[in-house]
Amino acid sequence: MDVLTVGETLAVGAASRPGPLRMTGTLELSIAGAESNVAIGLSRLGFRVAWTGRVGADELGALVVSRLRAEGVDTAAVRTDDAAPTALMIKERRTAEVTRVQYYRTGSAGSRLQPSDVSEDLIAAARVVHLTGITPALSASARETVWHVVRVADAKGVPVSFDVNYRSRLWDAGSAAAELSALAAHAAFVFAGEDELPLVTGGASGPDAARELARKGPADGEPRQVVIKYGSRGAAVFTADGAAHSQPAVSVVAVDPVGAGDAFAAGYLAGFLNGQAPQARLSLGCRLGAFAVSCAGDWEGLPTPDELGLLGAGDGTTQR
Ligand code: KDG
């Protein structure tokens, strides 16, 4: 297996047009979750990926598992929890530019994740383990599970990829910073939005803070890379040897920004798994991010390898 991801995947009801939710009429049913978005992005590029977590014994849980399987993501280790429902997220397009998200996930099956749900063999079988800062915010047992995965990965020499993914609806910045910086300290790959970086650097922001975090990376194993995502301005990576690279974003018509960071992480990790240098990893990350924002849904628009060249084809291009 190339990548193992662990976390909560939710069912999503997404408003089909802009406006207050109560005026929207219909919702489109799909799935989302930062970790499984990354898994789908990598699977579409041809990598072998597994996602694990808990779903409820309900139709929404069946939806989560069947969509992920249809995308080629291995779900063999997923647990069905009879005692709690699959989480739900409602995506409101309040205006054409502003998306509002509402979670219905307190006490969900995904939040009842336990360390025993993720076997040591599963972790050891991966080339990279990808985690996010969302899972430790879900519950004490989910937090313990993240730490279990990190400790086993450390012991087995599997590099950890960690996307800060701070969600203010789930916890306050103070509690989050302590937990997220402790987790980032174990990661070979750290992904942070510009505004999230202070949560893992003791409050410092900007390139110097990222450079310092990269320098303090794990002594053995994969040297640390800290990636700052600047949204429509692109991204930069700071590596343990003191080097820095930056990449402008691919300019596209943005339809839905949610999921861009996960797409970016999938692209960056794909570049790493392909043996590419940090600059090329950034470039692939930015390309996948651009695909994500160009289409509705967190992951639906992600490309297969033969589609990577589509961006930049020019306005109104028709392929016949
Ligand atoms: O990064 C996109 C995620 O935010 C979305 O898919 C849902 O995992 C999710 C979350 O917890 O916000």
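Brief remarks follow.
- Once the Cα-Cα distance is subtracted from the 0.36 nm per residue extended length, the Leu311 to Ser119 segment shows a gain of 65.1 nm.
- Dipole moment magnitude, nearest 20 debye, the range 27-161 about Cα centre, only Lys, Arg, Asp, Glu C-beta charged: 320
- Selection among Ser232, Ala280, Gly206 by position relative to the dipole of the range 203-320 gives Gly206 as farthest towards the positive end (Cβ unit charges, Cα centre).
- Calculated accessible area for the range 76-140 comes out at 46 Å² per residue, all protein chains present (probe 1.4 Å; ligands, DNA, RNA ignored).
- Probe 1.4 Å, protein heavy atoms only - accessible area per residue of the range 206-290 in square angstrom: 42
- At an R0 of 35 angstrom, the distance between the Cβ atoms of Ala96 and Ala70 translates into a FRET efficiency of 0.70.
- Whole-number D in µm² s⁻¹ for the chain, Kirkwood Cα-pair radius fed into Stokes-Einstein, 20 °C, 1.002 mPa s: 110
- Relative to one another, the C-alpha centroids of the range 194-214 and the range 91-142 are positioned 23 Å apart.
- Farthest positive-ward along the range 1-138 dipole, Cα basis, beta-carbon charges - from Gly25, Thr106, Gly46: Gly25
- Based on every Cα atom in the range 1-78, Rg and the maximum pairwise Cα distance Dmax equal 13.8, 45 Å.
- In the range 29-183, the DSSP beta bridges split such that about 45 percent are antiparallel, to the nearest 5.
- Equivalent-ellipsoid semi-axes for the range 33-88 (Cα gyration tensor, √(5λ), whole Å, largest first): 21, 10, 9.
- Hydrodynamic radius (Kirkwood) for the range 169-320, which is based on Cα pairs only, to one decimal in Å: 16.1
- A cut-off under 11 angstrom between Cβ atoms defines the neighbours of Ala15, and their net charge, with Lys, Arg +1 and Asp, Glu -1, is +3.
- Convex hull volume of the Cα atoms of the range 1-153, normalised per residue: 110 Å³.
- Only Lys, Arg (+1) and Asp, Glu (-1) charged, at Cβ; the chain dipole about Cα centre in debye: 380
- Solvent-accessible area, 1.4 Å probe, carbon plus sulfur percent, for the range 77-149: 47
- Most mobile of Thr106, Thr86, Thr239 in a GNM of the chain (Cα contacts under 10 Å): Thr106
- Local electrostatic count at Pro85 - Lys and Arg +1, Asp and Glu -1, tallied over other residues with Cβ under 15 Å: -1
- A straight Cα-to-Cα reach below 26 Å connects Lys156 with the lysines Lys216, residues fewer than 8 places away in its own chain not being considered.
- Sulfur and carbon atoms: percent of accessible area, the range 202-291 [1.4 Å]: 53
- Per the Debye calculation on the range 61-139 with a single equal scatterer at every Cα and no solvent contribution, log₁₀ I(q)/I(0) for q = 0.19, 0.20 Å⁻¹ amounts to -1.07, -1.15.
- Accessible area of Ile134 in the full protein assembly, 1.4 Å probe (Å², nearest 10): 10
The values are calculated or read from the model by the stated rules, or taken from the named source; none is laboratory data. This one's a predicted model, so the numbers in the text were calculated from it and none came from an experiment. Here Cβ is always computed from backbone atoms with ideal geometry, including for glycine, and neighbour counts include all displayed protein chains. Note: areas computed on protein heavy atoms with side chains; ligands, DNA, RNA excluded. Shrake-Rupley method; radii C 1.70, N 1.55, O 1.52, S 1.80 Å.
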